[in-house]
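The values are calculated or read from the model by the stated rules, or taken from the named source; none is laboratory data. Please read these numbers as outputs of a predicted model, since none were measured by experiment. No Cβ is skipped: glycine too gets one built from the backbone with ideal geometry, and neighbour counts run over all protein chains shown. Accessible surface is based on the protein model in full, side chains and every heavy atom, while ligands, DNA and RNA are left aside. Shrake-Rupley method; radii C 1.70, N 1.55, O 1.52, S 1.80 Å.
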Amino acid sequence: MAVKITGVEKHSPAAKHALAGCTLLSIDGHEINDMLDYEFYSSGAKLELALMRAGRLCYERVEKREYEPLGCNFESYLIDKKHSCRNKCMFCFIDQMPKGLRETLYFKDDDERLSFLFGNYITLTNLSDKEVQRIKDMHISPINISVHTVDPALRVTMMKNRRAGEVLRYIDEFAAAGIEMNCQLVLCRGVNDGDKLRESLEKLTGLYPAVRSVAAVPCGLTRYREGLAHIEPYDAQSAGEVLDILEEYGERCKRRHGVRIVYPGDEWYLLAGRSVPPYGFYDAFPQLENGVGMWRMLHDDFLAALPEAKARIWPRRIDVATGELAYPLVSSLAQILQRMCRGVRVYVHCIKNDFFGGNVTVAGLVTGGDIIAQLKGRLHSRTLGIPEVMLREERDRFLDDVTVKQLEKALGVKVRILPQDGAGLLRALIQ
């Protein structure tokens, strides 16, 4: 595929060879179809680029340090378009969103390149045998996979895609090729838990060390499920039963391999009314990007940073908004901070997710409209702390398109964006 080079990084090899505006045809004879091809084939120290420059075919020899970025920019980051999801999963959160939100929120990606580059999870149903072979040839690793179940027929039922069962063979192929995988299981009550969960854990943990971690989380259910399959939300008893299975397999792996491999999502402990495990439970936190272990890491890192920060704390008052799931943790940390520093007052507010409803309790899905409706006239200070996960990447807008400036105006406060790491959260609260 011919790829237009729209610009180059300053002082890069591409800048030295004036590649801006050229059309890249190949690198060392290899066609460039997307960013993975570009990154892989441009990593060498000596390259031969086939280019169209001012309408003429030419060849450019480039010498650079091995793995030094070539420095080309393209119209889109992936070069190619994102691959959209072809599944219709019974638990898909996007299918449970109300109409009228910004268009980008409705895009379902299922792109193996985003898995490698950004840690996104893929279902494998978008992959062809040719793409699987490319992953093995390039040794693209690790890959994050949404497995949900290893029962082929059940996977087809859950994902409403006839390929969902047959592509499970790719997991074995990746394992045989030495490709590392992180797997996730989104569990639906009475569907893929119980004995089906045991079957999945038996299979996936048996592929260690290729499968280096397995996370399990409960499915999120909103009030917008008209026309979708009925799924019963987990309660304390059913969450505890799932947790017993996950911990059983985790302990078994710990004894056998020295690492747990199986990591329950934080939600299971809070739903079951059990204490979140200690820091060492999570080994090297391999599923932190999936939110697993975040509760413990935030808690312990906050406390570790507190003694050193105590001398720099000035008297202050701040309100903090968070979701129902994180409320007990943030409240606990606020109480500890106030006991150690009597001049500090942190007022933590639990925001119920009326926008999505259902069992949606995570802070990242709290909307600006719910914050305004529930906190108007209830604040104790002129500063409101908002977890950064509530905002889009630009840190200016909530899911319902309420902006930070609109929130500030509606509540008469200055918004302070709170980092998700413990030390960063402490700094934001006391500065």
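Among all cysteines in the chain, which have no other cysteine Cβ under 4.7 Å from their own Cβ?
By the Cβ distance rule, which asks for a partner under 4.7 Å, the isolated cysteines are CYS22, CYS58, CYS72, CYS85, CYS183, CYS188, CYS219, CYS253, CYS341, CYS350.
What part of the accessible area of the chain, given as a whole %, is carbon or sulfur when the probe is 1.4 angstrom?
51 percent
Could you name the lysines in cross-link range of LYS99, using Cα to Cα under 18 Å and dropping any fewer than eight places away on the same chain?
LYS88, LYS108
Roughly how many nanometres apart are two label points built 7 Å out from the Cα toward the Cβ at ARG416 and ALA176?
So the label points at ARG416 and ALA176 sit 5.7 nm apart.
Restricting attention to region 291-390, which trypsin sites (Lys or Arg not before Pro) occupy a DSSP loop and are surrounded by at most 15 other Cβ atoms within 10 Å? Provide the component values of the computation, followed by the final result.
Details: sites: ARG296, LYS310, ARG312, ARG316, ARG317, ARG339, ARG342, ARG345, LYS352, LYS376, ARG378, ARG382; in loops: ARG342, LYS352, LYS376, ARG378, ARG382.
When the trypsin sites (Lys or Arg not before Pro) of region 291-390 are filtered for loop state and at most 15 Cβ neighbours within 10 Å, ARG342, LYS352, LYS376, ARG378, ARG382 remain.
Give, in nm to one decimal, the length gained when the segment between THR104 and TRP314 is fully stretched (0.36 nm per residue of separation minus the Cα-Cα distance).
Values: separation 210, 0.36 × 210 = 75.60 nm, distance 4.19 nm.
Gain on stretching THR104 to TRP314: 71.4 nm.
Over region 284-420, what is the mean sequence separation of C-alpha contacts under 8 Å (at least six apart), divided by residue count, expressed as relative contact order in percent? Could you put the intermediate results ahead of the total?
Numbers: 209 pairs, mean separation 30.5, N = 137.
The value is 22 percent.
Residue separation times 0.36 nm, minus the C-alpha to C-alpha distance between THR6 and LYS405: what's the value?
Details: separation 399, 0.36 × 399 = 143.64 nm, distance 3.42 nm.
Stretched out fully, the THR6 to LYS405 stretch lengthens by 140.2 nm.
Tell me, what is the percent relative contact order of the chain, built from C-alpha pairs under 8 Å that lie six or more residues apart? Intermediate values should be presented prior to the final figure.
Values: 786 pairs, mean separation 41.3, N = 431.
Result for the chain is 10 percent.
Can you tell me, using C-alpha contacts under 8 Å and at least 6 residues apart, the relative contact order of region 163-311 as a whole percent? Can you show the working numbers first?
Details: 173 pairs, mean separation 32.0, N = 149.
Relative contact order comes out at 21 percent.
Top mean-square fluctuation among CYS350, CYS341, CYS188, Gaussian network model of the chain, C-alpha springs under 10 Å?
Greatest mean-square fluctuation among the candidates belongs to CYS341.
What share of all Cα pairs of region 113-176, in percent, falls into each consecutive 5 Å distance bin?
Bins of 5 Å from zero give 4, 18, 30, 25, 16, 7, 1 percent of pairs.
Just check region 268-409 against the gyration tensor rule for me: Cα atoms, a ≥ b ≥ c as the square roots of the eigenvalues, rounded for a/c under 1.5, and otherwise prolate or oblate depending on whether a/b exceeds b/c. Intermediate values should be presented prior to the final figure.
Working: a/c = 1.76, a/b = 1.11, b/c = 1.58.
Oblate shape, in that a/c is at least 1.5 and b/c is the bigger or equal ratio.
Longest segment of the chain with no GluC sites (Glu not before Pro) in a DSSP loop having at most 15 other Cβ atoms within 10 Å? Could the numbers behind the result be given before it?
Working: sites that count: GLU9, GLU66, GLU75, GLU226, GLU393, GLU394.
The longest such stretch corresponds to 227-392.
Tell me, what is the per residue accessible area of the chain in Å², probe radius 1.4 Å?
48 Å²
To the nearest 500 deg cm²/dmol, what mean residue ellipticity at 222 nm is calculated for the chain from DSSP H runs of n ≥ 4 alone, each contributing -39,500 (n - 2.57), summed and divided by the residues?
Details: 14 runs with 140 residues, N = 431.
Here the helix-only value at 222 nm equals -9500 deg cm²/dmol.
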